[in-house]
Amino acid sequence: MTENALQVEMENLSEVKRKVRIVVPSAEVTEEVDRAYRELGKRAKVKGFRPGKVPRSILEMYYHKEIEQEVSDALVRRSLGEVLKDKALEPVNLSWPEPLPKAAAGQDFRYSVELEVPPEFTAHDYLGLKLQAPEVEVTDAEVDQRLEEIRQNNAMLKPPDEDRGIAAGDFVVLNYQAYFAGQPVEGGKSEGTYVEVGSGKFNAEFENNLVGLKAEAEARFSVSLPDDLDNPLLAGKVVDFQVKILEVKEKVVADLDDSFAQNLGGNFQTVADLRTAVREDIISNKERERKAYLENQVADQLLAAHQFETPPSMVSQEQETLLRDQMELYGQMGMNMANMDVSKMMEVLKPMAERRVRVKLILSHIAEQEGLSVDDAEVDATLARIAVHSGREVKEVKDLYRERDLMGILRGQLLDDKTMKLLMDKAEIS
């Protein structure tokens with residue numbers, strides 16, 4: 001099939017949408033139908049005829065629908081591929097003709113497709129951006145605060161030495177049942193629940209009512225629930241709780257000495273070693289935050305300088321990616337997602353998705369204009385780093401990326417990163 005044999009009409013529906021009407025001449029259709037029947041004749045088995053000797057009329061009687069579908073599919077794939085190449089179109093999405101038009105020998109084959117393409121524009125005013133961000137500094141007070149957090153997080157829980165009631169700072173294991181208007185609250189029962197008394201993480205009023213109780217004690221008290229409670233039926237209501245104390249444990253925090261540092265692992269021998277590592281970790285976190293802060297300013301300025309239509313399908317795909325990430329995060333947090341309104345979440349995520357798509361499109365144009373690219377060595381180096389961080393072999397990571405068709409996405413991310421680095425290097429940062 002030659003390009004000149006096709007009749008092509010393209011209509012611009014919008015900045016990013018095209019409608020392409022294609023006519024494959026009857027001679028080409030007849031040629032494709034004949035080819036399909038010749039191939040079918042070599043393999044078809046029809047009772048009463050030797051293989052390869054079945055008459056065309058018999059094949060048409062038994063297989064015309066199958067051949068019609070096969071020929072239609074072949075004509076669309078081949079002609080559409082030629083048109084896209086000839087018109088230099090790289091669609092980000094296209095609507096395959098459904099149902100496919102019927103292909104018949106001696107008749108023109110006509111169909112149309114709608115497709116989305118990236119917006120065409122020239123990136124400008126992207127070098128010499130004026131950005132602001134504080135220098136990375138770490139104070140001794142910040143290091144001390146982080147060390148205290150490490151001490152608290154590594155505290156031991158043990159029963160109190162003396163027979164005493166619950167005090168602020170204790171951890172309590174208890175059973176409870178909530179009642180409203182004298183009736184048990186549905187979903188208001190729990191057993192073996194851990195409560196850190198005085199932290200306010202459970203409910204400050206509830207925790208305060210536990211103070212003074214001892215292990216094995218039972219008590220009933222009232223709690224005023226907040227107006228913003230997740231359960232609207234109980235929000236702002238006064239609820240009674242029946243509790244039984246199972247265990248009382250106090251938190252024992254170790255002294256910040258060399259022994260504590262050594263017990264943390266990580267090859268720390270002294271508190272000075274731990275302090276140095278903590279300082280470096282704070283610096284790394286602040287540098288990442290500063291980088292993200294600057295990149296956000298770059299994105300804001302690029303978006304303000306470039307106005308164009310965004311392909312809807314790209315936004316939808318980005319929404320789905322964000323939704324998957326969000327659902328995975330909720331799952332890790334142990335949240336119940338059974339009753340989650342997915343459509344509402346998608347709508348909430350749409351502005352973020354559109355922003356990300358627009359920034360990617362601008363970075364892509366800048367990369368092309370600046371002649372930036374990502375070579376195989378850079379991809380391999382990134383996969384090697386991923387392998388180290390995930391504790392896997394490099395080959396395993398490569399195979400995983402190929403199986404899931406992620407190599408193109410990875411290469412795109414690396415090109416975006418390289419482009420953003422260029423913009424940051426050329427920016428004026430005060």
### Query
In region 199-228, what count of residues is obtained for those that are touching a Leu at 6+ places or on another chain (Cβ under 8 Å) and among the basic types (Lys, Arg)?
0
### Message
Looking only at helices (runs of 4 or more DSSP H) that lie completely in region 343-428, which have at least 3 residues being closer than 26 Å to VAL298 by Cα?
### Response
376-390, 407-425
### Summary
The residue from LYS360, LYS395 that alone is charged (D, E, K, R), at pLDDT 95 or above and open to solvent by 80 Å² or more (accessible area, probe 1.4 Å) is LYS360
### Task
With respect to TYR37, determine if the residue is part of a helix (DSSP H, G or I) and either surrounded by fewer than 15 Cβ atoms within 10 Å (Cβ to Cβ) or at negative phi (or both).
yes
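Residues checked against (1) assigned to a strand (DSSP E or B); (2) within 17 Å of MET10 (Cβ to Cβ):
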site: HIS64; (1), (2): no, no
site: ILE67; (1), (2): no, no
site: VAL71; (1), (2): no, no
site: LEU75; (1), (2): no, no
site: SER79; (1), (2): no, yes
site: LYS85; (1), (2): no, yes
site: LEU89; (1), (2): no, yes
site: LEU94; (1), (2): yes, yes
site: PRO99; (1), (2): no, no
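Could you list, in sequence order, the residues of region 320-342 that are in a helix (DSSP H, G or I) and either over 15 Å from the mean Cα position of the chain (by Cα) or of a type outside the set (D, E, K, R) (or both)?
The first filter runs over region 320-342 and keeps only residues in a helix (DSSP H, G or I), leaving 320-332, 342.
If the condition is that a residue be in a helix (DSSP H, G or I) and either over 15 Å from the mean Cα position of the chain (by Cα) or of a type outside the set (D, E, K, R) (or both), then THR321, LEU322, LEU323, GLN326, MET327, LEU329, TYR330, GLY331, GLN332, VAL342 are the ones that fit.
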### Task
Could you tell me which numbered condition THR310 fails, if it satisfies all but one of (1) hydroxyl-bearing (Ser, Thr, Tyr); (2) modelled with pLDDT under 95; (3) surrounded by 15 or more Cβ atoms within 10 Å (Cβ to Cβ)?
(2)
#### Entry: Number of positions in region 264-310 that are without any contact (Cβ under 8 Å) to a residue 24 or more places away in the chain, polar (S, T, N, Q) and in a helix (DSSP H, G or I)
4
### Query
Looking at LYS291, LYS244, LYS286, which one is at pLDDT 95 or above, more than 30 Å from SER343 (Cβ to Cβ) and either among the hydrophobic types (A, V, I, L, M, F, W, C) or touching a Phe, Trp or Tyr at 6+ places or on another chain (Cβ under 9 Å) (or both)?
LYS244
### Which numbered condition ARG110 fails, given (1) within 31 Å of the chain's Cα centre (by Cα); (2) surrounded by fewer than 14 Cβ atoms within 10 Å (Cβ to Cβ); (3) assigned to a strand (DSSP E or B)
(1)
## Note on the structure
THR30 meets each of (1) open to solvent by less than 80 Å² (accessible area, probe 1.4 Å); (2) out of contact with any Leu (no Cβ under 6 Å at 6 or more places or on another chain); (3) of a type outside the set (A, V, I, L, M); (4) outside any helix (DSSP H, G or I) with one exception, condition (4)
### Task
Specify which of the listed residues (THR310, THR321) is closer than 19 Å to HIS365 by Cα and among the hydroxyl-bearing types (Ser, Thr, Tyr).
THR310
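Against the definition (in contact (Cβ under 8 Å) with a residue 12 or more places away in the chain and open to solvent by 70 Å² or more (accessible area, probe 1.4 Å)), how does LYS350 come out, yes or no?
The answer is yes for LYS350.
The values are calculated or read from the model by the stated rules, or taken from the named source; none is laboratory data. Please read all numbers here as calculations on a predicted model, not as lab measurements. Methodologically, a virtual Cβ is constructed for each residue, glycine included, from the backbone with ideal geometry; neighbour enumeration extends over all protein chains shown. In case anyone asks, the SASA skips ligands and DNA or RNA and just uses the protein heavy atoms, side chains included. Shrake-Rupley method; radii C 1.70, N 1.55, O 1.52, S 1.80 Å.
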